[in-house]
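See below for the structure under consideration.
The values are calculated or read from the model by the stated rules, or taken from the named source; none is laboratory data. Just so it is clear, the model here is predicted, and its values are computed rather than measured. Every residue, glycine among them, receives a Cβ derived from its backbone with ideal geometry; neighbour counts consider all protein chains shown. To get the accessible areas, we keep the full protein, side chains included, count just its heavy atoms, and leave off ligands, DNA and RNA. Shrake-Rupley method; radii C 1.70, N 1.55, O 1.52, S 1.80 Å.
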Amino acid sequence: MTKTNAENGHASFTNYISYQSAQTGRKRVGHYDLEKKNIRPLAFASGTPIDNLYQVIEAGEANIVSDGASEPFPSSSAKILPPFTGRDILCVGKNYAAHAKEFNSSGFDSSDKVDTPSHPVIFTKRFTSIIADGEEIYPHPNFTETVDYEGEIGVIIGKPGFRIQESDAMSHVWGYTIINDMTARERQRDHKQFYIGKSPDTFCPMGPIAVPATKLDKVLRVQTHVNGELRQDATTEDLIFSIPYLIKTMSEGQTLIPGDVLATGTPAGVGIGRKPPVYLKSGDTVTVSVTGLGSLTNRIRDPKSTNPTLDALSSHTNLSQFNASRTIDPSTLTKINDKPLYYKASGNSSGPPVIFVHGLGGSAEFFTSLIQALGLEESHALHTFDLEGHGLSPTSQLSKITLESFAADVNGVFEKVNIAAGTGATVVAHSLGCLIAVQFALKHPDKVSKLILLGPPPSPLPEAGRTATYARATTVRVKGMAGIVDAVSVAGTSEKSKTSVALAAVRMSLLSQDPEGYAKACTALASADGLDFAAIQAETLIITGKEDKTSPPQLCEKYAKEMQGRANLQILDDVGHWHVFEDVQNVAKAVKSFL
């Protein structure tokens, strides 16, 4: 049985169970109370939640504690996951004497056809066959008519090893779990080797928990019940080849690594051992129990149902979502243009709408102090969001970001919140966001009544600027945001701002960005075609700083002149390119008179 905390001399929570959090959808590890059937969330001693059992093995029990911020909860309220996934299971056949005899006499044994094998019979089960406690086993109609069970003890490797000596083998064992080695008997027989008959989808139930060997008795008993009837009953003392011998054998030509699971064989009492053979059918329930590990229970699925493995794997992707880990709860993201973006509505919902578009290296938070200084929350409906790959908005490896895609996302915000044409919407934008806002206003002139542009960059960038911006994208992909933060923050702020908190705000905004998201935006800026400012129909306010090197006063004067009286220009003293950070009061003053 599992040893108590008192017997071990200290508090420990080592009935490790993997589950999917109902709150966040993320995979987590907890301690499973076998009697109360509840889960206590676990964390590293640092407080960081644990994602999987591979981390548990690597970190060690001393580094794992109860998550003090979370209370135990009923296991029924979470999706239980297998302890280990992603690797084939290493298996042993004919490793209990009575089972070896019943299997040899069954007519399904295509191995060495002896009652007691001279060497361990080794095979693997494909990782796609692994399912969790409580999940249903698909019976694979038209593939097999001989579905059978095999209750087994699974040994979990905790330390890598090659050519491990039998005398040292147990030092490589981390712990144990339960496995039901489901088998398609005629496939096992006809294909001579066991792999095809052992690897059908869902044919490897595992769990519900994994427990360190130090917490369990030296001798473990495995029992299997089918529909409540005891069918198998044996202990590890009945093994033909001991666990140390199996580890020695399996490591003679290959390296065993932490998290590898070895299924040690099944006792007598399987379906083909009965006279006549009795196979599992839809609705049958198989429960495998092992000392200290609880019970693994799975029901045979309706043959008319579909294979659940295909559905489960269809959502798997090897493509990364950059910046996604910053959003713990994906429900805080909003689907806009079929992509998740961080969007927030605030202010007076009945007031005229204002949409904010931040710039390169910024986020929606750039506008927070401006909104407060203007008191817009009382008078206007405010809509802020993080551009794809910026702030809290993720970006996919496959997603190509362009000025046009950014502008389409602005339109997506309009459509999401039903901001119709002619509603008097104002768009406030900064830096790269200015070009995005202009692109949007040119394509949807009826949706924008006023434009406020803080530091619009050249459009298009001059050749030297394009080259430098492409180079910046390369730099952050190699060195991260730290590779450009010094140059960008110093070049982007005024001499006065360099001695104020504004410089720190700029640096923090840059360093908080995901490098890949930032690099993509750099590429979007560098590759953008020129925009026709003269065609803007909305009344426009252009604000720049006297020391703005990205959007110098001469450039903004050119834009204003092109717009032929539809644009007002404000030039702020002692301000560089990060206008709100550097002088929020004078920015607010200019915006207030314009609104």
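A few comments on the model shown:
- Qualifying residues in segment 284-323 (those that are surrounded by fewer than 17 Cβ atoms within 10 Å (Cβ to Cβ) and hydrophobic (A, V, I, L, M, F, W, C)) - the one nearest to ASP514 (Cα to Cα): LEU319
- Single residue of segment 149-199 satisfying the filter (more than 30 Å from ILE272 (Cα to Cα) and among the aromatic types (Phe, Trp, Tyr)) that is most open to solvent (accessible area, probe 1.4 Å): PHE162
- The residue that is farthest from SER21 (Cα to Cα), among those in segment 37-51 that are of a type outside the set (Gly, Ala, Ser), surrounded by fewer than 16 Cβ atoms within 10 Å (Cβ to Cβ) and out of contact with any helix residue (DSSP H, G or I) (no Cβ under 9 Å at 6 or more places or on another chain), is THR48.
- If you check ALA487, ALA473, ALA502 for being open to solvent by 40 Å² or more (accessible area, probe 1.4 Å) and either modelled with pLDDT of 95 or more or closer than 27 Å to SER396 by Cα (or both), only one passes: ALA487.
- Segment 52-71 - residue that is open to solvent by 50 Å² or more (accessible area, probe 1.4 Å) and at pLDDT below 95 and, of those, farthest from ALA22 (Cα to Cα): ALA62
- Cβ-Cβ under 9 Å pairs, at least 6 apart or on other chains, segment 76-98 side modelled with pLDDT under 95, far side basic (Lys, Arg) and part of a strand (DSSP E or B): ALA78/ARG28
- Answer residue from segment 185-231, given it is farther than 24 Å from ASP284 by Cβ and out of contact with any Gly (no Cβ under 9 Å at 6 or more places or on another chain) and is modelled with the lowest pLDDT among those: LYS192
- Close pairs (7 angstrom Cβ cut-off, 6 or more residues apart or separate chains): farther than 25 Å from ILE543 by Cα in segment 452-477, part of a loop (DSSP other than H, G, I, E, B) anywhere: ARG472/ILE484; THR475/ILE484; VAL476/ILE484
- Yes/no for GLN585 being outside any helix (DSSP H, G or I) and open to solvent by 70 Å² or more (accessible area, probe 1.4 Å): no
- Test for PRO460: is it crowded, with 16+ Cβ neighbours inside 10 Å and assigned by the TED database to the domain that holds ALA521: yes
- Within segment 215-236, being open to solvent by 10 Å² or more (accessible area, probe 1.4 Å) and β-branched (Val, Ile, Thr) holds for VAL219, THR235, THR236.
- Members of segment 272-283 that are touching a Ser or Thr at 6+ places or on another chain (Cβ under 8 Å) and either free of Cβ contacts under 8 Å to residues at least 40 places away in the same chain or open to solvent by less than 30 Å² (accessible area, probe 1.4 Å) (or both): ILE272, GLY273
- Condition broken by LYS101, with the remaining ones in (1) at pLDDT below 85; (2) basic (Lys, Arg); (3) crowded, with 21+ Cβ neighbours inside 10 Å satisfied: (3)
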